[in-house]
Amino acid sequence: RGAAASGGYRAQRELLQLKTQLNAKKRELLSMTDELEERERAVLDAKRKNRELQAQSSELESQVLSAQEQLLAAQEQSEALARDKATLLRREEGLKNRLEGTQKKVKELEAELNDTHTLLVDEQKKSRATIDDLMGRLEETLAQFMAIEKQRDSLTERLVETEEQLKQRSETLSRTHARIDQLEAQLD
């Protein structure tokens, strides 16, 4: 009976050991299940994170495409502005050349105007001198004319007087001839 009892204990001990091992395996299995669930959760989290990253990536790609479009538009605008600038520079150069030409022409015309003004002043001085000379001559001529008119008037008066005297003498002579004729007629 002692051997049977000790064999029973042994069997109980083996049973307890097996139960302990089974329990340890269950705990290990639970731990592995927890770990597996953790990993599955991590995978799900990673998938969710991946989807979020893909969404962000898509958004960023959209922004990059938009930025590329804006960059392309900016490059086109920059090229257009560069062309416009070149055109404006050519126009500015042309206008500058025209302005320089105009300024040169203005200087030439100013010099010509100054020369003409100098000539005009000289001509005015000469004309003034000529006019003064002619006025002097005119005054002299007028004085001479007045003197001649005075002489003419005096001569006209003397002529009238002389004509009157001639008329009187002619009448006297006619009367004298008539008297002579009368006397001659009486003598015959």
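Taking the listed residues Leu16, Leu30, Leu65, the one that is surrounded by 11 or more Cβ atoms within 10 Å (Cβ to Cβ) and assigned to a helix (DSSP H, G or I) is Leu16, with no other qualifying. Within the stretch 153-181, no residue that is surrounded by fewer than 10 Cβ atoms within 10 Å (Cβ to Cβ) sits with its Cβ atom under 7 Å from a residue that is among the charged types (D, E, K, R) at 6+ positions apart or across chains. Here is a check on your reading of the model: is Thr141 more than 29 Å from the chain's Cα centre (by Cα), surrounded by 10 or more Cβ atoms within 10 Å (Cβ to Cβ), part of a helix (DSSP H, G or I) and hydroxyl-bearing (Ser, Thr, Tyr)? In short, yes. Criterion applied to Leu187, Leu95 was being at pLDDT below 90 and loosely packed, with under 10 Cβ neighbours inside 10 Å, and the one residue passing it is Leu187.
The values are calculated or read from the model by the stated rules, or taken from the named source; none is laboratory data. Computed from a prediction, not measured in an experiment: that's the story for all the values here. Here Cβ is always computed from backbone atoms with ideal geometry, including for glycine, and neighbour counts include all displayed protein chains.
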